[in-house]
């Protein structure tokens, strides 16, 4: 008599999927008005949709959105992406980049604490910083925070410049290890498609690895 | 009535993870058990995903660990100064270094975690570096002997080849008086076998440990592979591995209940005839103070054969 030894699913446990927290920190100052903000809206929608449809990323990705145009505000907080909609941006005001990045960092810290308290694993968080101009507030405090975190390998920051009027040197200050890239024209959609694939790769990554970015794919949206 | 027979049995299983298959990587988890010189041991190593030769590293780490546990058990269990433990660690590291040199590669490419438990007489020693967990079973159920070591992020841990591996190496020892089993699991398995927010071990672990009470080791190992593949694979992309070491104890009623396949495995018999003879000797020896020559007459076997069976059975009482 050969008995099959079988476990039942009910005898196993479910642990939450390790999260990939990504904060989009986006310039919505008045200079972004017109075509730029329309393309930005389209791109962010592409981003949310792509993640929601990705089999694995939909349980792992968590996206917060901060805009800095006039004031720095949180449009979307971290949470299950399957229950979120892409926010809609309108352009107005100056460029409080320092406040925007500061807010993004605060949201990330708060979310990491929540993960720790709930026993949820998470990957190294990302901030995507996009701007078309110069900051109109002080960025010193924010630069200090991001620089320290990057050097401690606790944060990855992607600074992206838009258009002719952007100050790439300012962007570079936020990211000691990764040089800022300039978006090809207003190719937000390509960028956000690449970003959603990158997030998906992290969420499927093998423990013990650092996830290499798709360098070839970057050529699809960045001026190199 | 009769005395109970008791021995430590081990079973192991490994399956390759979906992410590994997708990335064209071989399985990098390894696990093995060994029974030698009175020492029963299991070891498990999970090769680092990014390390190109981590499967080799895991193989070498496991083999060296089992060798050293066999020949250094007494020293390790009595070690107060840490000197024996240090020698153990150095031995594993130098075998890894030799393997790296032979493969013309850097030691870091052999990075892996390492977990082990060894039992001899009434004592145990265990060691752990990296993620994965060591679980123990006691009367009230299973709990965690050793938690995973994690960095802040999901894919960070310590490896035996890491610079701080020695300072991060955790050691455990004690008696097995109230412990009936140990289990080692890699991170991939732990995702379905340990509830992080409740801090409890899944009932599945108790179930699979119980399989060793009634089925031969080879069947249990194969069943573990089948179950890991059917149930755990779609819950994690990672390789999954599991090693169990259980004290199987049977009184005479339970011996009578067990299948021939189980008993041949448990009593180390190579043939049905060998089993029949061993059981016949066992039955007579359940009476107190019977001499081998008396047994020999009653079961119609040579005294020499009876002594051989008796020697084996006495180790199990």
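Observations
- Hey, residue A:155 farther than 30 Å from residue B:16 by Cβ, in contact with a strand residue (DSSP E or B) (Cβ under 8 Å, 6 or more places away or on another chain) and within 12 Å of chain B (Cβ to nearest Cβ) or not: yes
- Output for the range B:202-222, where each listed residue is more than 19 Å from residue B:8 (Cα to Cα) and either more than 7 Å from chain A (Cβ to nearest Cβ) or buried (at least 19 other Cβ atoms within 10 Å of the Cβ) (or both): B:202, B:204
- Test result for residue B:150, in a loop (DSSP other than H, G, I, E, B) and more than 14 Å from chain A (Cβ to nearest Cβ): no
- The residue that is farthest from residue A:119 (Cα to Cα), counting only those in the range B:153-201 that are within 11 Å of another protein chain (Cβ to nearest Cβ), in contact with a strand residue (DSSP E or B) (Cβ under 7 Å, 6 or more places away or on another chain) and not in a helix (DSSP H, G or I), is B:159.
- Hey, residue B:213 in a loop (DSSP other than H, G, I, E, B) and touching a strand residue (DSSP E or B) at 6+ places or on another chain (Cβ under 6 Å) or not: yes
- Filter result for residue B:250 (under 26 Å from residue B:120 (Cα atoms) and touching a strand residue (DSSP E or B) at 6+ places or on another chain (Cβ under 7 Å)): yes
- Going through (1) free of Cβ contacts under 8 Å to residues at least 60 places away in the same chain; (2) outside any loop (DSSP other than H, G, I, E, B); (3) more than 15 Å from residue A:64 (Cβ to Cβ) one by one, residue A:170 falls short only on (1).
- For the range B:1-102, the strands (runs of 3 or more DSSP E) that sit wholly inside it and include 2 or more residues that are crowded, with 22+ Cβ neighbours inside 10 Å and within 14 Å of chain A (Cβ to nearest Cβ) are B:5-15, B:39-46.
- Any hit, the range A:200-217, residues being at pLDDT 95 or above, over 30 Å from residue B:191 (Cα atoms), more than 14 Å from every other protein chain (Cβ to nearest Cβ) and surrounded by 15 or more Cβ atoms within 10 Å (Cβ to Cβ): no
- Scanning the range A:103-141 for residues that are part of a loop (DSSP other than H, G, I, E, B) and more than 12 Å from chain B (Cβ to nearest Cβ) turns up A:132, A:133, A:134, A:135, A:136, A:137, A:138, A:139.
- Output for the range B:246-264, where each listed residue is more than 15 Å from residue B:6 (Cβ to Cβ) and in contact with a helix residue (DSSP H, G or I) (Cβ under 8 Å, 6 or more places away or on another chain): B:260, B:261, B:264
- Residue B:135 farther than 27 Å from residue A:112 by Cα and within 14 Å of another protein chain (Cβ to nearest Cβ): yes
- With respect to (1) more than 30 Å from residue B:80 (Cβ to Cβ); (2) touching a helix residue (DSSP H, G or I) at 6+ places or on another chain (Cβ under 6 Å); (3) buried (at least 18 other Cβ atoms within 10 Å of the Cβ), the lone exception for residue B:181 is condition (1).
- Residue under evaluation residue A:193, criteria (1) more than 14 Å from every other protein chain (Cβ to nearest Cβ); (2) out of contact with any strand residue (DSSP E or B) (no Cβ under 6 Å at 6 or more places or on another chain); (3) at pLDDT 95 or above, criterion not met: (3)
- Any hit, the range A:31-47, residues being surrounded by 21 or more Cβ atoms within 10 Å (Cβ to Cβ) and part of a strand (DSSP E or B): no
- Filter pass, residue A:82 being over 15 Å from the mean Cα position of the chain (by Cα), part of a helix (DSSP H, G or I) and either at pLDDT 95 or above or more than 14 Å from chain B (Cβ to nearest Cβ) (or both): yes
- Residue B:35 vs. criteria under 28 Å from residue B:222 (Cβ atoms) and modelled with pLDDT under 95: no
The values are calculated or read from the model by the stated rules, or taken from the named source; none is laboratory data. It should be emphasised that the depicted structure is a prediction, and the values quoted were computed from it without experimental measurement. Reconstructed Cβ throughout: ideal geometry from the backbone, glycine too, with neighbour counts over all protein chains shown.
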